[in-house]
1. May I ask you to list the aspartates and glutamates whose Cα is less than 17 Å away from that of LYS833, ignoring any residue fewer than eight positions away on the same chain?
2. Between LEU604 and ALA741, what FRET efficiency comes out of the Förster formula 1/(1 + (r/R0)^6) with R0 = 51 Å and r the beta carbon distance, rounded to 0.05?
3. Which net charge results when you count Lys and Arg as +1 and Asp and Glu as -1 among the other residues whose beta-carbon is under 12 Å from that of PRO246?
4. Taking the Cβ of SER38 as the centre, find all other residues whose Cβ is under 11 Å away and add up their charges (Lys, Arg: +1; Asp, Glu: -1).
5. Apply 1/(1 + (r/R0)^6) to the Cβ-Cβ distance of LEU445 and TRP241, taking R0 = 51 Å, and write down the FRET efficiency to the nearest 0.05.
6. ³J(HN,Hα) across the range 377-393 via Karplus (A = 6.51, B = -1.76, C = 1.60, θ = phi - 60°), whole Hz, x for Gly/Pro?
7. Round to the nearest 10 and give me the degree value, 0 to 90, for the angle of helix 893-902's Cα axis relative to the longest principal axis of the chain.
8. Could you pull out every residue, at least 5 positions away or on a different chain, whose amide H is within less than 5 Å of the one on LEU572? Hs are placed 1.01 Å off N in the peptide plane, and Pro or chain starts have none.
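What follows is calculated from the coordinates using simple rules that are stated; it is not laboratory data. Since this is a predicted model, take the numbers as computed values, not measurements. Quick reminder, even Gly has a Cβ in these numbers, built from the backbone with ideal geometry, and neighbours come from all protein chains shown.
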Amino acid sequence: METGTALARAMLRVMKNPFYEVDVINMSYGEHAHWSDSGRLGELAHEVVNKYGVMWVASAGNHGPALATVGVPPDFQSDSIIGVGAFVSPDMMMAEYSMIEKLPGCPYTWSSRGPTADGARGVTVCAPGGAITSVPTFTLRSNQLMNGTSMASPHTAGCVALIISALKLKSIPYSPYSVRRSIQNTSLNLDVDVFAQGHGLIQVDRAVEHLLEHSNGVEDKVRFTVECGSDRRKGIHIRNWKADKPIDMSIMVEPVMLNETQADPNEKLAFCMELVMTCDAPWVKAPTCLQMSYTVRSFQLSIDPRGLERGRVYFTSLKAYNSSNVKKGIMFEVPITIVVPTVDFLHGYLYSCPAEVFRAGFVRRHFLYVPIESTWVNVTLKASHSDKCQRFTLHAVQLKPKCSVKTLEYYKVINLGCNEVSTQIFGVRGGYTMELCLARWWSSLVDGQVEVTVEFHSLRPSQEEVTLFSSDGVQRVDVRAGLRPEEMSAQATLKHHTQVLTPAESKVEVLGGPRDTIPGCRPIYQLVLSYNLSVSKSAEVTPKCALLSDVLYESAYESQLWMLFDHNKQLLGSGDAYSNKYSIKLEKGDYTIRLHVRHERPDLLEKLSDLPLTVLTKLAQEVKLDVYSSLNAAVTAGKKAQPVTLKAGTSQPVYLSAPSLSDKNLKSLGLTPGQALLGSLSFAKDEQVRKAVSSHKFGLIRTMPDQYPLRVVVTELPCKKRSTGSSNSNSEEKKEAKTLADYQEALRDLQTAWIAKLDCEAGEEIYKDVMTAHPDHLAAQLARLQALDAVGAQNRTAVIAQASRIVAAVDTAPLLAFYGTKTDTRTDAAKIKTQMDKQRNTLLEALSRQGSALCADILALPAAERTQEAIDQVDAIAVDAMKFVEPSDSKVNGFFASYYQVRGLDGLAARIIARQCEEKWTRENEAKLTEAYNRLGWSHISTLITSTHPLRFPNTYTPF
């Protein structure tokens, strides 16, 4: 999908192109934004159109048929972009879709509809939304039938290009505003849904004639910004109300010239217009005259919904004409959309609509004011009067302020046979008007009837999001059945582990260069934040920057991108603002996440220098929390909550018990205070309600009707098991008796830990001190061996001698006897196993390091000078090691790779090294593998590895 970085660079290229001037651009993609009245990308788009005079055409989207489904663009903060819907004509049906009979022309069922959430039309015009077009040659076909508003938008862009070409040919001055107004005033109004067609079907010839006839007007270089109400919307769109009283709305209109800051002051002084205003809706009262100079003018209009049929949507517009040239058409308009929802339901929760006839492309919209208590709804469809299968689209939408249309939405394509019944279940939010849109597919040839029944349900918790602190132990949640009796069976499940990372490095730098500099010498800066991530075991992770997530076009910053690298700086994955779309499966290891944010102002980037990053890890197995019906049952881990039927208007408490942090599924996560576990809480007993979900053809829509976010915050470390077998007095005596021994043991362990950390000489002194006091301490001898081996080849003799001392100190007979025993029945078997494992691992490491050093000495000599005695010595080490582990074991595989090379078994050596590379691919292991393949004569493989080396081991991180 598109990124903010790519969009910003594209717009900068349009503003200043070194090869040619851009007149019109097409954009056949976009997203749904939570708001459109602000955003950095919107500011840049505003400059493209209103400063540089570029005509911008954008597809409305393929998210219909419900209203308010137009995406961004065209729903930018500036209403200067031409939004295009998709229309299919009878001739297109025959020629392109090979239908057996013509149907009346109509908008495609999936074409997005207006208005925008803030009242603008959204769809400016419509155009053919299907075409047989050329496709890339890799598809092995010359052309393909494609459809979507992505086809309608370039069609319109081509029409705009033709109009501009005609104006340039005739030397007629124009602006994006005069061309847009001409297109709107000359479009062919179709007898179809106004929200889908906008002003109508674009007409090139009529638009050109209109511009030639009405050129050189005082308003040709002027756009009229319309702001409605205190929140300065682009139009009037009233939806979430009961429509039971009139409402007054203040309107502000301001003329703004093209490239306003550089416009001629004399033209501003000379601007004056006498406007007449009309509105054809009797439920709107507005002034009829408006005198405009180059300043803001405001007026009031009144909307009275009383008397309008409920359950319907109504559209009109207040149109302003130039009184001296009315034929030129509308100068500006105030779009007005009001929804008059149904508010009274049978029994307070039941709505039904008798069977209606559905013809091809027919859309029926029911607007229902969802009861305040409601949490989910059952919609039942029953088909009749048709022997053939009927295809319908059910689309339900609620608009929540400052939230995308996808926030509260349900979409489903349903095929119904004769007298077949289908029930759909999805979540709703009480207090918001719901549009229940049922549409017959545009190409359906057979008419049918459908009856619609809607039942609202309610099981509402006292908190929309439940947070449980692990130290609290128990969390109470009150559940209310507000509308009708409901069966409740509470369930709580944890699915993700979340940890918060803080930046290890932060840097703000200027990008510069032609593609990252706004015309006028305005460079763009970037903030790059680096985070260190450690994964303790294989898991699926999702990085998320909570402050910047789920916003792109509406974001205050130009772009936010992240990249995840392994320890070799190899790029493993990347993502953008929509973090839920990206997850990466990682193996155990250390990783680096780099986050990139762009903006023109470095001071805004500096404010994000300590920005935290959240990493969500999917649990290998879901963790279910215990749910109880009483506090005492929760405290004593008594009887768990059972399903219960709540009467209408009653509440029932449930008690959630915090999970045990010592649980095997949680213990391996290495939880620390401040981290959290995320999941969901559900209450309905009906399994269909729990699992109801919808998939839109362009992605999953969040419609879980009975799922509430659950967060368990870790406040303490998991407790270790405590001994309860002795009294306090005995414990004190035992503690007194062990004090000196504990001190000496702790001092010994501390000294041992520092042997390998210090330089060789200082470490040797400490080693001697430890061995003087504890002659048989194997850990100190092993630490000294590790220190000697770390120095390099010059210490091989000392390494061999030190390893020999360790091997001699370990009695292998008891070890072999222990590991040869099938079952150990002794009472302290676990303790004995720990001691034996420790001795065995020490022995294997000593053998491995000793053998590796001996092999290095042998391989350093020419083959003729290698002695049989040395080879016999490494043979003996190999035999001793294989008494305990296989050669491929990670404890000894480094030695066996060298050993097999000494013995001339290069195939076995290559297999061992390849296994090492599988575990951890490093530069050292890769060099060994290449060398092994060369010895085998497999030059083709070694050449491939060498040539692809820069891909696995980049010198720098991949730039954003």
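1. Straight-line reach from LYS833, under 17 Å: ASP811, ASP824.
2. Details: r = 61 Å, r/R0 = 1.20.
Working from the Cβ atoms, E equals 0.25.
3. On the way: positive: LYS245, LYS285, ARG306; negative: ASP244, ASP248, ASP304.
Every neighbour counted, the sum reads 0.
4. So the surrounding residues net to 0.
5. Details: r = 40 Å, r/R0 = 0.79.
The pair LEU445/TRP241 has a calculated efficiency of 0.80.
6. Each residue of the range 377-393 in turn: 9, 10, 10, 10, 10, 10, 8, 7, 6, 7, 7, 9, 5, 10, 9, 10, 10 Hz.
7. 70
8. LEU564, PHE565, ASP566
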